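Everything below concerns the one structure shown next.
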Amino acid sequence: LERTEQTGDRPLAEVMPSLVSCYRQLGELSEARVVLECHLAALLREGFFPFAVQAHELLTDILEEQGDVRAALKHSREHMRLYRKVYAREHENKVCALEVLHRTKLAEQKVLIEEQRNKDLRRALDELEQLNQQSVETSLTDELTGLRNRRYLMAHVMTALRGIPFSLAVLDLDYFKR
């Protein structure tokens, strides 16, 4: 035990359950109790509470086997108190992690929905721009002849020729569309 503790080859907390099991099989419950009590004090002093939970549980079993019910009850209560403390914190951390994961998934879903909406809006905008262009072309073109009409002339040619002398002849053909 001293060598394991000094060299750090294998943490004492990992070795302790096996060592206690050996003492129990050999019927040396007093030795197992002394070793566990020393180990437990060190674990609590160093703040290794998960291992202290295990040590309290082992010590409870040994004390019961020795018939020291009062001490076994004390360690059993301490085992439960530490167990709740250690695993409640772990549980809270898991719950927080799940909440973060859930919020991340919701945000990803919102992003996908918004991307789809943006695609739909872009498609609708493109369609509206195309329809608007067709409307402009239709308003500037005679539907029967396909030639530019008076509106086109007024909007484009007149502004292009502003300040330049020119003549314009307009013909009105009756019954042209027949």
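The values are calculated or read from the model by the stated rules, or taken from the named source; none is laboratory data. No experiment lies behind these values; they were computed from the predicted model shown. Using ideal geometry, Cβ is built from the backbone for each residue, glycine included, and neighbour counts are taken over all protein chains shown. These area figures cover heavy atoms from the full protein model, side chains too; ligands, DNA and RNA do not enter into them. Shrake-Rupley method; radii C 1.70, N 1.55, O 1.52, S 1.80 Å.
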Only listed residue being within 60 Å of the chain's Cα centre (by Cα), at pLDDT 80 or above and in a loop (DSSP other than H, G, I, E, B), chosen from E137, E127, E143: E143
Out of E64, E78, E92, sole residue that is open to solvent by 100 Å² or more (accessible area, probe 1.4 Å), under 30 Å from E31 (Cβ atoms) and either within 50 Å of the chain's Cα centre (by Cα) or among the hydroxyl-bearing types (S, T, Y) (or both): E64
Any pair with Cβ under 6 angstrom, 6 or more apart, that starts in the stretch 91-112 at a residue that is touching a residue at least 60 places away in the same chain (Cβ under 8 Å) and ends at one that is open to solvent by less than 90 Å² (accessible area, probe 1.4 Å) and among the small types (G, A, S): none
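A quick yes/no check of all residues on (1) out of contact with any strand residue (DSSP E or B) (no Cβ under 7 Å at 6 or more places or on another chain); (2) surrounded by 10 or more Cβ atoms within 10 Å (Cβ to Cβ):
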position: L106; (1), (2): yes, yes
position: E115; (1), (2): yes, yes
position: D120; (1), (2): yes, yes
position: R123; (1), (2): yes, yes
position: N149; (1), (2): no, yes
position: L153; (1), (2): yes, yes
position: A169; (1), (2): yes, no
S135 vs. criteria hydroxyl-bearing (S, T, Y) and either in contact with a Pro (Cβ under 7 Å, 6 or more places away or on another chain) or farther than 30 Å from T60 by Cβ (or both): yes
Any hit, the stretch 32-39, residues being under 37 Å from the mean Cα position of the chain (by Cα) and crowded, with 18+ Cβ neighbours inside 10 Å: no
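Is it the case that the stretch 47-60 has a residue that's open to solvent by 90 Å² or more (accessible area, probe 1.4 Å) and of a type in the set (S, T, Y)?
Looking for residues that are open to solvent by 90 Å² or more (accessible area, probe 1.4 Å) and of a type in the set (S, T, Y), one finds none in the stretch 47-60, hence no.
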